[in-house]
Amino acid sequence: MDDFDLPPLNIKCTDSDCENDLHCFLSTKKMAKEGKTGSCRNCGVDLVDWDRTHMNEVNDVDYKFHIMKKEMIRHHFWHVTIDQKAINYAKRKGRIKLTESVKSRLKSSVGSASPYRDGQQTPFKGNPIYYAQHATATCCRRCIEEWHDIPKGRELTESELEYMCTLVNKYLSERIPSITEGGEKVPVIRRGGVN
Ligand SMILES: [Zn+2]
Ligand SMILES: [Zn+2]
């Protein structure tokens, strides 16, 4: 599936391409009312072991990542090319500082009981943490509720935040393996090319 044609950047959480085994597991209001959550809202396929996924076991992250990639929006952010500005940002920071930024970004974007502009608070480019948040369903409280079984309307606990940091950091190490511990000098991109 790695070679599939990447959709344009304006991908939405509710998009799916079921014929290519890329679904959307966010339930509709009707599904929720009927107690039929968990399957694809568009084709109805039931692929996810939700009990296992919702354990939020750090040791079982591989399963979570594997099954999340069956959702179109996650798959997209696992495979899309990360923009150069975002890569440079990560390289400049280095692993240690990036990890700190991950924590403060998660706290400020999704940590409170009712985050500002929930559902639209995570941009699609410019910072590698944004890519990671979409890929790991830590972008908004709706995705967090769906994939990590944490209800909306209350603050995230310290251990929940820690868990999400683990997911985001794991994504960043996988997607940008060249980040050094302490960061490095990377030239600023100017219009017309790198100087
Ligand atoms: Zn589907
Ligand atoms: Zn989201």
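Readers should treat all values here as calculations from the given coordinates under stated rules, not as data from a laboratory. Quick caveat, the model's predicted, so the values are computed rather than measured. A quick note on method: Cβ atoms are made from the backbone with ideal geometry, for glycine too, and the neighbour counts reach across all protein chains shown.
Shape descriptor for the chain: Rg over Rh equals 0.97 (Cα atoms; Rh from the Kirkwood inverse mean 1/r). Summarising the label geometry, the points placed 7 Å from Cα in the beta-carbon direction at LYS152 and TRP50 lie 1.6 nm from one another. A Cα-only calculation for the stretch 44-134 places Rg and Dmax at 14.8, 44 Å.
For the stretch 99-195, the equivalent ellipsoid built from the Cα gyration tensor has semi-axes of 27, 15, 11 Å, listed from largest to smallest.
Using alpha carbons only, how many degrees (0 to 90, rounded to 10) separate the axis of helix 84-110 from the longest principal axis of the chain? That works out to roughly 40 degrees. Under 15 Å from a label point set 7 Å out along the Cα-to-Cβ vector of GLU162, the amide N atoms of the stretch 100-115 belong to 103. Annotation note: trypsin sites (Lys or Arg not before Pro) in the stretch 89-130 located in DSSP loop regions with a Cβ neighbour count of at most 15 within 10 Å are ARG117, LYS125.
Just so you know, the Rg over Rh for the stretch 113-155 is 0.97, from Cα atoms, with Rh as the Kirkwood radius.
Across the stretch 21-34, rounded Karplus estimates of 3J(HN,Hα) from the backbone phi angles (6.51 cos²θ - 1.76 cosθ + 1.60, θ = phi - 60°) give 6, 10, 10, 9, 9, 5, 7, 7, 4, 5, 4, 5, 4, 8 Hz, Gly and Pro being marked x. For HIS23, the residues whose amide H sits under 5 Å from its own are ASP17, GLU71, MET72, ignoring neighbours fewer than 5 places away on the same chain, with H placed 1.01 Å from N.
Taking Cα centre as origin and charging only the Cβ of basic (Lys, Arg, +1) and acidic (Asp, Glu, -1) residues, the dipole magnitude of the stretch 69-195 rounds to 640 debye.
A crude spin-label estimate for the pair ARG142 and ASN59, with each label 7 Å from Cα along the Cβ direction, gives 3.5 nm. Beyond 14 Å, the tail of the calculated P(r) for the stretch 15-72 holds 54 percent of the Cα pairs. Sites listed here are GluC sites (Glu not before Pro) in the stretch 42-105 whose DSSP assignment is loop and whose Cβ has at most 14 other Cβ atoms within 10 Å: GLU57.
For the stretch 1-105, the set of chymotrypsin sites (Phe, Trp or Tyr not before Pro) satisfying both a DSSP loop assignment and a count of at most 16 other C-beta atoms within 10 Å is given as PHE4. Applied to the stretch 54-69, the Karplus parametrisation 6.51 cos²θ - 1.76 cosθ + 1.60 on θ = phi - 60° returns per-residue 3J(HN,Hα) values of 6, 5, 6, 7, 4, 6, 10, 4, 4, 5, 4, 5, 4, 7, 4, 5 Hz, with x for Gly and Pro. Shown is the FRET efficiency for ALA32 and ILE189, computed with R0 = 41 Å from the Cβ-Cβ distance and rounded to the nearest 0.05: 0.40.
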